[in-house]
Amino acid sequence: MQKVNYLLQGLLNCYSRLNQCFNLKVLFKIALFCSDKIIMTNRQLFLNHVGQTSEAPLSLEIVKAEGCKLFDADGKEYIDLIGGISVCNVGHRHPKVIDAIKKQLDDYLHIMVYGELVQSPQVQYAKLLTEHLPASLNSVFFTASGSEATEGAMKLAKRYQNRSQIISFKNSYHGSTQGALSVMGSEYWQQAFRPLLPDILQMNFNSFEDLKNITERTACVIAETIQAEAGVLIAQNGWLKALRKKCNETGTLLVLDEIQCGFGRNGTLWAFEQFEVVPDILLLGKALGGGMPLGAFVAHKKIMDSFTHDPVLGHINTFGGHPVCCAAGLAAFKVLLDEKLIDAVKMKEELFLSLLKHPKIKTVRSRGLMMAVEFEDFDMNKKMIDALILAGVFTDWFLFAANCLRIVPPLTISDEEITSACTKIIKVLDKI
Ligand SMILES: Cc1ncc(COP(=O)(O)O)c(C=O)c1O
């Protein structure tokens with residue numbers, strides 16, 4: 001008791017001395033200023049000052065990324081099973097991508113809005129891309145994101161066909177801007193933002209029956225070749241071919257969105273190759289930029305040229321095809337081809353499938369290194385995601401399949417990393 005008295009006495013003395021020397025209110029203000037400016041962690045600043053997209057962001061602070069690994073502020077290492085969501089197909093910071101970026105930094109950054117000047121990184125990338133696409137896809141319109149590629153493609157289809165109706169599919173995701181949102185396959189995400197674009201019809205993915213809705217007034221049908229956010233929903237045998245046929249019969253353009261599934265993720269360079277169809281317009285993004293922001297829609301030149309007249313400048317943007325992004329994307333595309341990363345995708349998928357066996361896993365849907373591990377419900381999946389982060393494995397869930405764990409790692413992931421990540425998944429499953 002005596003000790004407590006001494007302590008209280010001491011504190012009171014301290015308080016009155018401080019009060020004599022300084023105004024305590026001023027001290028308090030200084031402390032507040034310091035806590036805001038100096039002591040606040042990056043995590044607190046992120047939550048307070050960076051626009052948020054949910055009330056519960058993962059909010060890990062990553063300070064370094066290399067290959068298939070992420071490192072947080074405490075030096076803890078994570079196996080990255082999502083590669084920035086299908087972006088980092090050649091791994092984080094591939095040395096050839098970094099070199100290409102550095103080289104371009106020495107030449108020029110932004111010099112003029114898209115479409116006016118000849119910029120070597122754009123031209124060379126468009127050339128290499130079109131050399132690896134069917135001959136009918138020979139003109140690349142660069143944008144700064146996947147959503148903008150969707151927007152541009154929808155405008156192009158309406159302009160070229162002089163029709164207004166656009167058809168999309170339930171559980172499809174093509175981006176979050178207003179036009180892309182209008183063709184998103186989910187009332188939950190659309191309803192708060194209505195009115196959206198008129199004359200949009202939604203059909204069921206994989207429904208042969210619904211194809212009858214495509215008519216002479218449909219400008220385009222837009223579909224993901226493999227629906228990613230639905231939890232890796234794969235087109236049924238023959239269905240994409242039937243869709244292509246119906247589009248041909250009605251003069252409708254077929255737009256395939258390979259923003260998430262392109263660039264080798266499904267075991268072939270383009271997913272559409274596996275279904276023996278060729279789209280009229282192809283949407284690209286994510287891995288297109290090798291880790292830098294880049295999107296594109298690709299079509300035949302005769303279709304693309306509709307943007308040049310009636311009206312002139314039918315689609316324009318400032319940053320589309322930014323030279324640094326194109327230089328990075330071009331380097332990443334060359335790495336993908338030169339290092340034959342796609343050849344190993346099937347074997348890596350099989351390794352994952354052989355290790356992901358547990359009574360609590362309902363099923364694993366996969367096509368190459370695009371996998372959805374299905375659990376009973378979202379609660380179980382969320383527990384898994386949180387526990388895996390603690391265990392050093394980074395994953396998340398899908399927009400329209402919240403009970404499924406997402407596995408879309410860099411294609412460079414090693415057998416050891418796959419084995420280590422799956423061992424951790426199984427261990428965590430045993431515990432929760
Ligand atoms: C299939 C698909 N299309 C379009 C988009 C939109 O791309 P972005 O986020 O770059 O606008 C995404 C993004 O996740 C996607 O997965």
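The values are calculated or read from the model by the stated rules, or taken from the named source; none is laboratory data. From a predicted model like this one, the values you see are computed outputs, not experimental measurements. As a convention, Cβ positions derive from the backbone with ideal geometry for all residues, glycine included, and neighbour counts pool all protein chains shown.
Of everything in segment 149-190 that's among the hydroxyl-bearing types (Ser, Thr, Tyr) and more than 12 Å from the ligand (Cβ to nearest atom), which residue is farthest from Thr215 (Cα to Cα)?
Top of the filtered list is Tyr188.
Please verify whether Leu288 is buried (at least 24 other Cβ atoms within 10 Å of the Cβ) and without any contact (Cβ under 8 Å) to a residue 60 or more places away in the chain, treating the condition exactly as stated.
Numbers: buried (at least 24 other Cβ atoms within 10 Å of the Cβ): yes; without any contact (Cβ under 8 Å) to a residue 60 or more places away in the chain: yes.
Taking the combined requirement at face value, the residue satisfies it.
How many residues are surrounded by 22 or more Cβ atoms within 10 Å (Cβ to Cβ), in a loop (DSSP other than H, G, I, E, B), out of contact with any strand residue (DSSP E or B) (no Cβ under 7 Å at 6 or more places or on another chain) and on the phi < 0 side of the Ramachandran plot if we restrict to segment 152-201?
Selection size over segment 152-201: 2.
Just one of the numbered conditions (1) assigned to a helix (DSSP H, G or I); (2) under 24 Å from the mean Cα position of the chain (by Cα); (3) modelled with pLDDT of 95 or more is not true of Arg43; which one?
The failed condition is (3).
Specify which of the listed residues (Phe378, Phe394, Phe333, Phe400) is touching a residue at least 12 places away in the same chain (Cβ under 8 Å) and surrounded by fewer than 18 Cβ atoms within 10 Å (Cβ to Cβ).
On inspection, the qualifying residue turns out to be Phe378.
Considering only residues that are within 16 Å of the ligand (Cβ to nearest atom) and either out of contact with any Asp or Glu (no Cβ under 7 Å at 6 or more places or on another chain) or in a loop (DSSP other than H, G, I, E, B) (or both), which ones fall in segment 239-254?
Within segment 239-254, just Leu240 meets the criteria.
Check off (1) touching a residue at least 40 places away in the same chain (Cβ under 8 Å); (2) within 12 Å of the ligand (Cβ to nearest atom) for Gly262 and give me the number that stays unchecked.
(1)
Quick test for you: out of Leu233, Leu294, pick the one residue that is within 30 Å of Thr412 (Cα to Cα), hydrophobic (A, V, I, L, M, F, W, C) and touching an Asp or Glu at 6+ places or on another chain (Cβ under 9 Å).
The conditions single out Leu233.
What pairs can you find where one residue is in segment 80-96 and at negative phi, the other is within 16 Å of the ligand (Cβ to nearest atom) and small (Gly, Ala, Ser), and their Cβ atoms are less than 6 Å apart, with a gap of 6+ or different chains?
Close Cβ pairs satisfying both conditions: Val87/Ala287; Cys88/Gly291; Asn89/Ala287; Val90/Ala332.
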